[in-house]
Structure formats: C-alpha cells, structure tokens
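Read through the structure below, which is laid out as structure tokens, and then see the notes.
The values are calculated or read from the model by the stated rules, or taken from the named source; none is laboratory data. Since the model is a prediction, treat every value here as computed from it, not as a measurement. Cβ placement follows ideal geometry from the backbone for every residue including glycine, while neighbour counts extend to all protein chains displayed.
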Amino acid sequence: MHSEVPPFLTFEPLFKERLWGGRRLETVFGKKLPPGERIGESWEIVDRPEAQSIVRQGPWRGRMLHDLWRVHRAHHSDLDCDFSTGLRFHPFEAVYSTAILSGVILALGVPPGAVLLSQILALALDFLEHANLRIPPSLEHMLRLVVVTPDMHRIHHSQDPREGNSNFANVFSWWDRLFGTYVHQPAAGHEGIKFGLAELSDRKHLTLPWMLADPFLSPVQPAAVEPASTPGTVSGTVAR
C-alpha cells in the first residue's frame, strides 16, 4: 500500500517561452497556459527580477522564493568566511530546508542509509568549505574537479553580485559547471574578496539578537557618499 506523499514545500509552476513542451502541456496534461504563445514548463526554482517562484501551499503559501532568501542572508552577512560561518544559519532556515529535503526524500523513496550517509558527507564538507584553509594549488585543482573546496566556496560569499551568485554547489563541484554558475577565481583575488552583504555591513549584525532579527528587517541601500566624505567610509544600514 502506497502512502500519499505529504505536501511539504511546493511551488507554483513557472511557464516560459521555450522551444520544447509546446501546447501539449495543455492538451495532454491539462495545464492552463497563456494563449497564443510557444510555451514549455520551466522546472527551475528561481529568484530573479523577471521570474519568482511562489510557494503553492502550506504556511508559506503565496510567499516568493526571495522571502526565503531573507532567512538565508543571516548566513551571508558574516563579514569573514571561516569555520564558524558553517554554523551561522538562522533557525527558520532549518525549518524550510528540512521541509524541502523531506519532501524530496519521500517523493523519491530514498533509503534511510543513503540519507544518513549523504547528510554526514554534506555536514563534514560544509565545515571544510567554509574553513579559512589554504590548500596547495596543485592539490586544490585536483580536488575541485570533484568536490567543493574552501577557495571555490569562498567566492560564493563575495559581495560582488557576479561572484555571490556563483559556486552554489555544496558537495560536488560539477553542478556549477553543469548549470553555468561556476567562477574559477574572484576578480580581486582571494585576499581581496569583500565578504558579507552591503545592506547588513554594520557590525551589530554579527551579534546573536540582530542575526535572529535579520529576516524581519527591511534593508536600505547604502547611502551615497558626500563629496567631502573620506573614501571607503560608506556602510549599509538596515531599518532600525
């Protein structure tokens, strides 16, 4: 007897103009499509200005994926990237990430042993990839062909939008190469990376009370520099 997969965290379907799929999604599968367009269903979960994944049901129904980022940004607000960054996650993130992971496990019927092994590997590499380590270049190059290394993941914590939106992989590095999100080296070099988020750059956001409050704050863009200001003194602020 098959048990029904509970509706954990699912998203509304996102329809885009594609060269595949076409109207068969409507005629065969009963999907309601915009009229008069060449359409295929996108299986992406996205957070972009032109497209937002929206939670379909449950307590977060109607929320955009960007709202989930507000929880994850507590991890990225660290002004450095080291071993402790691997522990810097908001409690709410554990809730929704567990919901997503549980839904996938139940939907695919993954054996418990495989889940345990996967989580042990992911946890160990999570601390390793955030560690402030310098691996010999030749060894680092070989390791990076398979797994995510500290030098590779450090780029993901850069304030530079191009670099921050890259190197998403958690265990195996080939996913970023496959999806075109791989960046080999930071533009300013590893010693020149500026970590954290511009809108949460005040050092008070390194304290526990502010970290817990971060998802509920409305970020304000950094103020423009006055002509008489000393270069390099601009800092981001968050509504108090």
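General observations
- Meets criteria (without any contact (Cβ under 8 Å) to a residue 40 or more places away in the chain, part of a helix (DSSP H, G or I) and of a type in the set (D, E, K, R)) for ASP67: yes
- Members of region 155-194 found to be in contact with a strand residue (DSSP E or B) (Cβ under 8 Å, 6 or more places away or on another chain) and within 16 Å of HIS130 (Cβ to Cβ), listed by number: HIS157, SER158, GLY164, VAL171, SER173, PRO186, ILE193
- Residues of region 187-239 satisfying the condition of being at pLDDT below 85, among the acidic types (Asp, Glu) and either surrounded by 10 or more Cβ atoms within 10 Å (Cβ to Cβ) or not in a loop (DSSP other than H, G, I, E, B) (or both): GLU199, ASP202, ASP214
- Here GLN57 fulfils each of the conditions (1) assigned by TED's automatic domain parsing to the domain that holds ASN170; (2) loosely packed, with under 14 Cβ neighbours inside 10 Å; (3) not in a helix (DSSP H, G or I) apart from (1).
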